[in-house]
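Enquirer: Next up is a structure, given as structure tokens.
The values are calculated or read from the model by the stated rules, or taken from the named source; none is laboratory data. If you're wondering where the values come from, they're calculated on a predicted model, not measured in any experiment. Methodologically, a virtual Cβ is constructed for each residue, glycine included, from the backbone with ideal geometry; neighbour enumeration extends over all protein chains shown. Surface accessibility is based on the protein's heavy atoms, side chains included, excluding ligands, DNA and RNA. Shrake-Rupley method; radii C 1.70, N 1.55, O 1.52, S 1.80 Å.
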Amino acid sequence: MTMRRLPQQPGEVIDRSQPLKFTWNGKPAVGYQGDTIASAIAAGDNRIMSRSMKYHRPRGLLTADFWDPNAFVQVDDEPNVRSGHRLLTNGIDVGPQNVWPSLDYDVKAANQLVGRFLSPGFYYKTFIHPQKLWPAYEKVLAQFAPGGTVDYESEMAYFDKRYTHPDVVVAGGGPAGLAAATAAAEAGASVLLVEHEHHLGGHLRYGTEDDRALANGLELAARSAGVEILLDSTVTGRYEDNWLGIVQRSHPLASERLVKARAKTLIVAAGLIERPYVFEGNDRPGVMLASAARRLINMYSVKPGDRAVVLTANESGDQTVADLERAGVKIAEVVDARAGGNVTATAGSQKAVESVTLGDGSTRDADLLITAVGWTAPTSLLNMSGDRPVYDPAGARFFPDRTPDNVLVTGGIAGDGTLDQIVEHGRETGALAASRALAVAHRLQALTARAMPVSDPEPAMAPDARTPLGRDPHPELYRSTTHGIVDYSEDVGSKDLVSATKEGYDSVELLKRYTTATMGPAQGKLETVNTVAVLAEARGETIAEVGTTIWRPPYAPLTLGALAGRIFEPERVSSVHSWHVANGAKPILAGQWIRPEHYGNPQAEVTNVRENVGIIDISPLGKLDLQGADVPKLLNLLYTNKWSKLGVGSVRYGIMCAEDGVVMDDGVTGRISENRWLMTTTSSGAGSVWEWAENWLQTAHPDWDVHITPVTTSYTSINVAGPKSRELLSRLTDVPLDNDSFDYMQVRPGTVAGVEDCIMWRIGFTGELSFELHVPAGYGLHVWEALMDEGADLGIKPFGLEAQRIMRLEKGHFIVGQDTDGLTKAPTTGLQPLIKLDKDDFAGKPELAWAMGQGVGDAADAAGMDLPVLVSVQMTDSSIVPPEASQIVRPNTNEILGRITSSRYSPTLKASIGLAQVPPSHASSGTQLTVLLTNGDRTTATVQQHHAHFDPDGLRLRS
Amino acid sequence: MLLVPCPHCGPRNQSDLRLLGEAVPRPNPNTATRAEWGEYLYLRDNPADYVTETWYCRAGCRRYFTVERHQATNEFRNPPLPGDKVGNSTYTTITVGSSGKQRGANEGEAS
């Protein structure tokens, strides 16, 4: 099966002692270690790699590298593998894509017969009407979706991330990049060299003996200089301050690793990409770029054809002739474009070139047409650095214009020259980059506190004194006198571009989006300049006048796995977590916390709290320790109510608003001693309230004596709730718990179950007599277990979040962020008595004054009466619990009046209860509301007199 | 991603900090008109020039500081030194923990 494998070539990268077996298109095949999948397939005398995505035309190798638009294959369960780049491994099953039922015979190739109907915008124009039929169209069209097959049963893969801070990153390991990296490292910089391919040396790898010797020497020098080298890796994006995304495909353990590098200077040495030529039949298998033929012959020892026509416009094309001859390919004709020669068409079957028509109209029999018509400068990273490359017709490509100080360009992107000149330019660039890295480091340091002493002069940004590279003349060769494919990935031809231009899509950005040219997997690397050239011709302008699209990240695609990678988001658990797990708690993720939702039956948990006693782990509750003489001032500023007179031993409830008057958080704060307060916040608000308080202290009142310590995880928090909670707790503490000694809304420090420095307070989120314990976290599990043991005869049971939610709803307590939203100003909550407008200042004060009709300004401004009102509701039909966020509408229309913000079935009241936001017109007690259910049915609810459905006078929690 | 010059931690990734926006004077809450308060809350000039911004070094020193940044070039200048007072009683910012914060129903658990 190795029919096209040549005898050993001097520069081959395959290891013939390591044969590999695989299957291609269902048949057994062999290759060698070092082969790409494509080179192994080509060595087996297979010309057709896959079919094209729209017309399903058979396609062969075009570039034989990462960018090959025709060589996407399915490898086992992995679709869209770039076979020109991916290395062959033993035992893989490789199949072609876009083929049905087979590679050789494809039904959908009929698309090309009706190709004129698949002109740009065909789908938009044809299937838009009638809209009713779209679902039917969609089903049929989905069958034609291009690409491989996704296997939903695929195993998980490991992806990783890395962060690094080198002085210099070099994108591209060709001669210029290697020389630059070496020079920068020799100048003392830490250097990361990123090479897209599997080998260093760039085009030298498939060049002459001398080329390879130079590459080897440069590689050795770079390695000796201590350059870190990432092979098979790509700099995918450059962002602000040289923040670089690098995808490393060669990591030994991770499928892909995303390397995030902060480079002080970036050297772009991405080389040049050979450009295809547009003519009739330019996608027939057997039409190949010169660089592809040289890769196949010199690196993989594969004979690309038997009889070739070579169209050459440059030295690389000339060298290909020698390579072909050495490989035993007969040369039918060498057409020199510099002397006016041209190629206008290929002819043959769909699957192979049989003859080539030259510019003079004569034909040559050939199965291979090699084109060497010029280069595209892949200036993506320069675009991302703010550069707008400029087209030079004499050189027939785009050249960089201006880059920032910390981005330097070298190699083929920068210009032309002999190899010596290129290497020298690389060296000078590396030295300049190292020097500028020092200046960048110095500038950054000088901007911050660790500034250099004034006597230490800041190194200046070194001027660019490099000898610039020249520009070799090159003929402009984009389209022949005939039409052909421009974008192989997207099956867009030059005729399509011309007709789209005539339709009015005559700016390059519009043309691109309308025809999808340059939007396929090659992302413009092969087709952008040809697209622009065809457009320029159609508009009768020059390429420079038409301009080009801006290349954006990523330079090369990376998988979603690489982007998701390893996630550094912690999961948090309380000190009682192991007990919850052992006792059958159903976990729920609340923010970062894993918490028990219930222990089997939340309804029974509610009943047990109402009748006996229950305990809940509320450790995630936000807790801030406040100390200092000016704490009351801070509390007055953050909360809407008054705090100056809060005595030692008391706790108070308060709500916090942002400066726009919207409710931000709520909670209780207790004064534990003369100079110490404990503030609790909502579980999710712990971080933001701390930052909010620090903001006021640091920016507005730096003179205040307040010190804040977040202690959320320093304490395990347990709420002991139920009529028997006092009896239970009295067995574990000496602190007197009777109403006279420890009243509702009071706080006591003390010892619980032998644990000192606990804080207890009497509050009532559940509506029952309850004590909230804050226990030093190391003893949390001990106290929890002591409560469970001591309470056995009292009927103690743990309860979870769900039971707590039911009980708080029975009591009508709102939850910030659930019953309030980003527009809910404090008066909506019905807590007007807690908004003290006679305080001198507090966050959001003016907004609340206006909302309550007491603000500064005219009467119209002062109208606050149309704020929604939070009310308690009960459903008429207790068997219906409307989902939270159900809309409240007018009885006979769908006009939205408000919404149900919380809803539950109450086991205590045997009723379906809820909280709702409604307009003031619908807020009075007894109002009937119409609730729209998700299935379209309507049900009714009645506004209640009090927020609390249960025990509105609070007798139980004061008992 | 920007490198932000924190006066205590040195140059840090933007994601380590929180930008609170342009620092603007807070009007007197007892005399401000609706227009003045609305301007303080919502209206910024957004010039293509340097503006004084408040940053919060949330993953580092947890200090607020003000620094000038050019909104077109992203260049920083005049960061404070450690110990410098941040703004003064006429400067604050309102965006931390304000109404923009979204929370899931499971997260807003209060007690």
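Enquirer: Which value, in debye to the nearest 20, gives the size of the charge dipole of segment B:3-94 about its Cα centre, when Lys and Arg are +1 and Asp and Glu are -1 at the Cβ?
Expert: 400 debye
Enquirer: Considering only A:Leu382, A:Ala590, A:Leu469, whose Cα is most displaced toward the positive end of the charge dipole of chain A, charges sitting on Cβ of Lys, Arg (+1) and Asp, Glu (-1)?
Expert: A:Ala590
Enquirer: Now a separate question. For A:Phe568, what accessible area in Å² do you get when you roll a 1.4 Å probe over the heavy atoms of the protein chains, rounding to the nearest 10?
Expert: Rounded to the nearest 10, the figure is 120 Å².
Enquirer: I'd like the accessible area for A:Asp951, computed on protein heavy atoms only with a 1.4 Å probe and all protein chains in place. Round to 10 Å², please.
Expert: Around 30 Å² of this residue is reachable by solvent.
Enquirer: To continue, here is another question. Please compute the net charge surrounding B:Gln71, taking Lys and Arg as +1 and Asp and Glu as -1 over other residues with Cβ under 15 Å from its Cβ.
Expert: Net charge around B:Gln71: -4.
Enquirer: Just to confirm a number: summing +1 for Lys and Arg and -1 for Asp and Glu over residues other than A:Gly954 whose beta-carbon lies under 13 angstrom from that of A:Gly954, what do you get?
Expert: -1
Enquirer: I've got another one for you. For A:Gln832 and A:Thr89, compute 0.36 nm times the residue count separating them, minus their Cα-Cα distance, and round to one decimal in nm.
Expert: Additional length available on full extension: 260.3 nm.
Enquirer: How far is the Cα center of segment A:668-703 from the Cα center of segment A:747-796, in Å?
Expert: That distance is 24 Å.
Enquirer: Ok, one more. Quick one: Cα centre-to-centre distance for segment A:359-428 and segment A:171-209, in angstrom?
Expert: Cα centres, segment A:359-428 to segment A:171-209: 17 Å.
Enquirer: If packing is taken as the average count of other Cβ atoms within 10 Å, what order do A:608-617, A:55-64 fall into, highest mean first?
Expert: Sorting A:608-617, A:55-64 by mean packing, highest first, produces A:55-64, A:608-617.
Enquirer: Let me ask you something else. Could you work out, residue by residue across A:653-666, how many beta carbons of other chains sit within 10 Å of that residue's beta carbon, and then give the average as an integer?
Expert: Mean shielding count: 4.
Enquirer: Still on this structure: Under a crude label model (7 Å from the Cα following the beta-carbon direction), how far is A:Val648 from A:Asp625 in nanometres?
Expert: 1.8 nm
Enquirer: Further question on the same structure: So if we plug the beta-carbon distance of A:Val390 and A:Leu419 into 1/(1 + (r/R0)^6) with R0 = 25 Å, what FRET efficiency do we get, rounded to 0.05?
Expert: That gives a FRET efficiency of 0.50.
Enquirer: Could you please put A:Arg397, B:Arg58, A:Arg364 in sequence from largest to smallest accessible area, using a 1.4 Å probe?
Expert: B:Arg58, A:Arg364, A:Arg397
Enquirer: If you take the charge dipole of chain A about its Cα centre, with +1 on Lys and Arg Cβ and -1 on Asp and Glu Cβ, which of A:Met875, A:Thr236, A:Leu794 is farthest toward its positive end?
Expert: It is A:Met875.
Enquirer: How big is the gap, in Å, between the Cα center of segment A:603-667 and the Cα center of segment A:260-323?
Expert: Value for the Cα centre distance between the two parts: 71 Å.
Enquirer: Okay, moving on. Would you work out which of A:Val689, A:Ser673, A:Ala658 lies farthest towards the positive end of the dipole of segment A:645-691, given +1 charges on the beta-carbon of Lys and Arg and -1 on that of Asp and Glu, about the Cα centre?
Expert: A:Ser673
Enquirer: Once you put a point 7 Å from the Cα of A:Arg326 and another 7 Å from the Cα of A:Arg513, both along the Cβ direction, what distance in nm separates them?
Expert: 4.9 nm
Enquirer: Another question, if that's okay. What does the charge add up to near A:Gly11, with Lys and Arg as +1, Asp and Glu as -1, over the other residues with Cβ less than 9 Å from its Cβ?
Expert: My count for the surroundings of A:Gly11 gives -1.
Enquirer: Can you sort A:His196, A:His946 by solvent-accessible area, 1.4 Å probe, largest first?
Expert: Greatest to least solvent exposure: A:His946, A:His196.
Enquirer: Same structure, new question: Per the helix-only calculation at 222 nm, which mean residue ellipticity applies to the protein assembly as shown, given -39500 (n - 2.57) for every DSSP H run of n ≥ 4 and division by its residues, nearest 500 deg cm²/dmol?
Expert: -6000 deg cm²/dmol
Enquirer: Obtain the nm distance between the two label points defined at A:Gln874 and A:Asp472 by a simple spin-label model: each point lies 7 Å from its Cα along the Cα-to-C-beta direction.
Expert: 9.1 nm
Enquirer: Which of the helices in chain A, when you take each full DSSP H run, stretch at least 20 Å along the axis at their Cα atoms and have an average Kyte-Doolittle score of -1.0 or higher?
Expert: Helices meeting the span and hydropathy rule in chain A are A:209-224, A:419-447.
Enquirer: Taking a 1.4 Å probe, which of A:Glu727, A:Glu802 shows the most accessible area, and what order do the others take after it?
Expert: Output order, biggest surface exposure first: A:Glu727, A:Glu802.
Enquirer: Related question: Check which residues have an amide H placed less than 5 Å from A:Ala396's amide H, if you skip close sequence neighbours.
Expert: Answer set, sorted by chain and number: A:His474.
Enquirer: Could you calculate the FRET efficiency of A:Ser578 with A:Asn935 from 1/(1 + (r/R0)^6), where r is the beta carbon distance between them and R0 is 45 Å, rounded to 0.05?
Expert: The formula returns an efficiency of 0.60 here.
Enquirer: Right, here's the next one. Subtracting the Cα-Cα distance from 0.36 nm times the residue separation, let me have the gained length for A:Tyr744 to A:Ala911 in nm, one decimal.
Expert: Extra length from A:Tyr744 to A:Ala911 when fully extended: 57.3 nm.
Enquirer: For a quick protection proxy, order the peptides A:877-889, A:912-924 by their average other-Cβ count within 10 Å, most packed first.
Expert: A:912-924, A:877-889
Enquirer: Still on this structure, please answer the following. Just checking the output field for A:815-822: average partner chain Cβ neighbours within 10 Å of each residue's Cβ?
Expert: 6
Enquirer: Summarise the partner chain shielding of B:6-13 as one whole number: the mean count of Cβ atoms from other chains within 10 Å of each residue's Cβ.
Expert: 4
Enquirer: Give me the number: length gained by fully extending A:Arg566 to A:Thr481, i.e. 0.36 nm times residue separation minus the C-alpha to C-alpha distance, one decimal in nm.
Expert: Using 0.36 nm per residue and subtracting the Cα-Cα distance, I get 25.3 nm.
Enquirer: Further, regarding this structure: Suppose every Lys and Arg Cβ carries +1 and every Asp and Glu Cβ carries -1, with no other charges. What dipole size does the protein assembly as shown come out with about its Cα centre, to the nearest 20 debye?
Expert: Result for the protein assembly as shown is approximately 1120 debye, rounded to the nearest 20.
Enquirer: Please list, in order, the residues from segment A:250-269 whose amide nitrogen is less than 14 Å from a point placed 7 Å along the Cα→Cβ vector of A:Thr559.
Expert: It comes to A:250-258, nothing else.
Enquirer: For a Förster distance of 60 Å, can you work out the FRET efficiency between the beta-carbons of A:Lys132 and A:Asp734, rounded to the nearest 0.05?
Expert: 0.20
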